[in-house]
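Novice: Starting off with a structure, shown below.
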């Protein structure tokens, strides 16, 4: 049984549907990347798992099975027992997720004492252990610091300490390093990866950066306009991206290892913008797609299996691949 | 050798933070030649944006000289500065934050032209229509408001506003950082075309090494207010000399999963601790006693290649 299975999830806001018929599964201990550009529905998917959607959002259909139980059917007290204990979330901007008027020790302690009956002294000792675990130097002194005393990277480490405090089985990391510098990004992602192994938790890594995916994830789900358009393992995906959108994304990216310069190479573009998907009856990528055929405009193509572990929502590409 | 367009000499910018003085830019010198793109990379807080704003005289400098086309503009008064401002324009990171939501694109562009007394009404109309199509916006864009455009299109408006004045040098401060990857490529390609067609020069400020590698002719690496390495783009990527530059390169994740990264080469984060010695020594894997006591000057380490490290 998968640790988390999202089945046929659709989430609507007044006036538009943010997530459409999304299905994917996460196995225990793996890192699954959910990739896409702003507005593609990746964060809404994550918030649905946490049941932290804004009040005007509505789950239209689907099930979210965590260890077999449907989170969408859980009562509010049941959800409070799951959040932080079984499933945790870290967000992009640590400064806005931390309370500026409480010391970091008080904030980590709050998570621990919500789930476990521990004395204040034991909670403090456990908080110091956690700060040590996320490599914050001088943890026994730092525990009384406030968020503003810490740098961006240190704040994100505190968020991670809070998220793993009760040993969750699944950690959802929503753009965890987007606000950080590149040297700090590498440190924080390495830390997350170490903790994943030490605590044997699974990570749902939400990002727009394909470099981060290539280096830190096991499998990838590419989202476009609310739908998953490709699912694959990391090695096959980067060796041969299949969906035209996946190919466009990798082509438009400037890779630091590639010896490309404006004087000799032009970057390949994906014409138009995500906005062109509005009102499209068929494939949402059709208005921007170089391979578009009349049949693409009829109905949104389903995710079809290509190889084991690989599914692509583009019949045109699959047809071509099967014929050589 | 091409003509020097902008020359910055020993520039300092200081901010008062309470009773302390923060040296955001601390003795920076460089030149931008006609038609050249100079990339300025560094992490947040290193002073790269302050340097860009100081050159545009949006932030006052404490010491040093800014010479544009042979004229020292460092201490010019407002009216004497006006013609130079036209030649020196800026593109910002957040195109929405830098556009007035209550003004149509026509007002945005026309204001710039009027302030700089560019042409009569029909001439201004002609120039606005021309620039709007040149940056790839629909022809009816002039009568619309910023909220009607997507992020990429708003950045095109920001570019149109800078270009409508026919500048010589554009300071681009993280122009593609707020954009999605697919839109980034569109904007970078547009900037390349404009540079070629209009003979522009860019000072391109970014924290994204991949983008700078692609886009710049020459690269300056900045750390805590100082340039620590400068070289042509090809030299810098083939042979980085400063340990900070090497660490930056090593930290960028590659989109090739078989190309596995080693351990992060440096620990810690940018501090504001400016004690004696090299600014980087607290994070440097190769720091020695000499680094802790003596600040390394920026010195030549090869043809057109400079680095501020005792051991480069």
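The values are calculated or read from the model by the stated rules, or taken from the named source; none is laboratory data. As the structure is a prediction and not an experimental result, all values here were calculated from the model. Note that each Cβ is placed from the backbone with ideal geometry, even for glycine, and that neighbours are counted across all protein chains shown.
Novice: Hey, could you check the range B:190-218 for residues that are in contact (Cβ under 8 Å) with a residue 24 or more places away in the chain and more than 16 Å from the chain's Cα centre (by Cα) and say which is nearest to the other protein chains (Cβ to nearest Cβ)?
Specialist: Result: B:190.
Novice: Taking the criterion of being touching a residue at least 24 places away in the same chain (Cβ under 8 Å), closer than 22 Å to residue B:84 by Cα and touching a strand residue (DSSP E or B) at 6+ places or on another chain (Cβ under 6 Å), would at least one residue in the range B:118-140 satisfy it?
Specialist: Scanning the range B:118-140, I find no residue that is touching a residue at least 24 places away in the same chain (Cβ under 8 Å), closer than 22 Å to residue B:84 by Cα and touching a strand residue (DSSP E or B) at 6+ places or on another chain (Cβ under 6 Å), so the answer is no.
Novice: Within the range B:150-163, which residues are touching a strand residue (DSSP E or B) at 6+ places or on another chain (Cβ under 9 Å) and either within 13 Å of another protein chain (Cβ to nearest Cβ) or over 25 Å from residue B:43 (Cα atoms) (or both)?
Specialist: B:155, B:161, B:162, B:163, listed by residue number.
Novice: Does at least one position in the range A:221-231 carry a residue that is in contact with a helix residue (DSSP H, G or I) (Cβ under 9 Å, 6 or more places away or on another chain) and either at the interface with chain B (Cβ under 8 Å from one of its Cβ atoms) or in a helix (DSSP H, G or I) (or both)?
Specialist: Scanning the range A:221-231, I find no residue that is in contact with a helix residue (DSSP H, G or I) (Cβ under 9 Å, 6 or more places away or on another chain) and either at the interface with chain B (Cβ under 8 Å from one of its Cβ atoms) or in a helix (DSSP H, G or I) (or both), so the answer is no.
Novice: I need the full set of residues from the range A:245-296 which are in contact (Cβ under 8 Å) with a residue 40 or more places away in the chain, within 7 Å of chain B (Cβ to nearest Cβ) and in a loop (DSSP other than H, G, I, E, B), in order please.
Specialist: Within the range A:245-296, A:253, A:255, A:256 qualify.
Novice: While we're here: Among the candidates A:311, A:297, which residue alone is modelled with pLDDT of 90 or more and over 27 Å from the mean Cα position of the chain (by Cα)?
Specialist: Residue meeting the stated conditions: A:297.
Novice: Is there a residue being within 11 Å of chain A (Cβ to nearest Cβ), at negative phi, more than 13 Å from the chain's Cα centre (by Cα) and free of Cβ contacts under 8 Å to residues at least 24 places away in the same chain anywhere in the range B:219-241?
Specialist: So far as the range B:219-241 goes, yes, one or more of its residues are within 11 Å of chain A (Cβ to nearest Cβ), at negative phi, more than 13 Å from the chain's Cα centre (by Cα) and free of Cβ contacts under 8 Å to residues at least 24 places away in the same chain.
Novice: Here's another thing I want to ask about it. Please go through the range B:172-189 and pick out each residue that is closer than 23 Å to residue B:31 by Cα and either away from chain A (no Cβ under 11 Å) or free of Cβ contacts under 8 Å to residues at least 12 places away in the same chain (or both).
Specialist: Result: B:172, B:173, B:174, B:175.
Novice: On to the next question. Run down A:187, A:235 and say which single residue is in contact with a helix residue (DSSP H, G or I) (Cβ under 8 Å, 6 or more places away or on another chain), facing another protein chain (nearest Cβ under 8 Å), more than 30 Å from residue B:36 (Cβ to Cβ) and in a helix (DSSP H, G or I).
Specialist: Testing whether each residue is in contact with a helix residue (DSSP H, G or I) (Cβ under 8 Å, 6 or more places away or on another chain), facing another protein chain (nearest Cβ under 8 Å), more than 30 Å from residue B:36 (Cβ to Cβ) and in a helix (DSSP H, G or I) leaves just A:187.
Novice: Would you say residue A:241 is within 27 Å of the chain's Cα centre (by Cα), more than 25 Å from residue B:206 (Cα to Cα) and without any contact (Cβ under 8 Å) to a residue 12 or more places away in the chain?
Specialist: Taking the combined requirement at face value, the residue satisfies it.
Novice: If you don't mind, another one. Regarding the range A:191-201, can at least one residue be identified that is away from chain B (no Cβ under 14 Å), assigned to a loop (DSSP other than H, G, I, E, B) and either more than 14 Å from residue A:90 (Cβ to Cβ) or without any contact (Cβ under 8 Å) to a residue 60 or more places away in the chain (or both)?
Specialist: yes
Novice: At least 2 residues that are in contact with a strand residue (DSSP E or B) (Cβ under 8 Å, 6 or more places away or on another chain) and buried (at least 20 other Cβ atoms within 10 Å of the Cβ) in each: list the helices (runs of 4 or more DSSP H) lying fully within the range A:56-155 that qualify.
Specialist: Helices (runs of 4 or more DSSP H) meeting the threshold: none at all.
Novice: Moving to a separate point now. Confirm whether residue B:39 is within 20 Å of residue B:167 (Cα to Cα), in a helix (DSSP H, G or I), in contact with a strand residue (DSSP E or B) (Cβ under 6 Å, 6 or more places away or on another chain) and touching a residue at least 40 places away in the same chain (Cβ under 8 Å).
Specialist: Answer is no for this residue.
Novice: Is it true that some residue in the range A:24-31 is assigned to a loop (DSSP other than H, G, I, E, B), out of contact with any helix residue (DSSP H, G or I) (no Cβ under 8 Å at 6 or more places or on another chain) and within 14 Å of chain B (Cβ to nearest Cβ)?
Specialist: The answer is no; no qualifying residue exists.
Novice: Additional query: Take the residues in the range A:297-308 that are out of contact with any helix residue (DSSP H, G or I) (no Cβ under 8 Å at 6 or more places or on another chain) and part of a loop (DSSP other than H, G, I, E, B), then tell me which one is nearest to the other protein chains (Cβ to nearest Cβ).
Specialist: A:308
Novice: Among the helices (runs of 4 or more DSSP H) lying completely within the range B:73-165, list those that include at least 3 residues that are closer than 21 Å to residue B:197 by Cβ.
Specialist: Of the helices (runs of 4 or more DSSP H) lying wholly inside the range B:73-165, those with at least 3 residues that are closer than 21 Å to residue B:197 by Cβ span B:105-115, B:121-134, B:151-163.
Novice: Another question, if that's okay. Return the pairs, sorted by first residue and then second, in which the second residue is assigned to a loop (DSSP other than H, G, I, E, B), the first residue lies in the range A:89-109 and is within 25 Å of residue A:207 (Cα to Cα), the beta carbons are less than 6 Å apart, and the residues are 6+ apart or on different chains.
Specialist: Taking only residues 6 or more apart or on different chains, the pairs are A:90/A:176; A:92/A:175; A:92/A:178; A:92/A:179; A:93/A:179; A:97/A:91.
Novice: Another question about this same structure. Out of (1) under 17 Å from the mean Cα position of the chain (by Cα); (2) on the phi < 0 side of the Ramachandran plot; (3) modelled with pLDDT of 90 or more, the odd one out for residue B:57 is which?
Specialist: (2) is the only condition that residue B:57 fails.
Novice: Can you work out which of the residues in the range B:25-46 that are buried (at least 18 other Cβ atoms within 10 Å of the Cβ) and away from chain A (no Cβ under 14 Å) is nearest to the chain's Cα centre (by Cα)?
Specialist: Out of the qualifying residues, it is B:40.
Novice: Quick check on the range B:277-295: of everything there that is touching a helix residue (DSSP H, G or I) at 6+ places or on another chain (Cβ under 7 Å) and more than 14 Å from residue B:226 (Cβ to Cβ), which residue is surrounded by the most Cβ atoms within 10 Å (Cβ to Cβ)?
Specialist: My answer is B:284.
Novice: Among the candidates A:215, A:231, which residue alone is more than 22 Å from residue A:177 (Cα to Cα), surrounded by fewer than 24 Cβ atoms within 10 Å (Cβ to Cβ) and under 15 Å from the mean Cα position of the chain (by Cα)?
Specialist: Of the residues listed, the single one that is more than 22 Å from residue A:177 (Cα to Cα), surrounded by fewer than 24 Cβ atoms within 10 Å (Cβ to Cβ) and under 15 Å from the mean Cα position of the chain (by Cα) is A:231.
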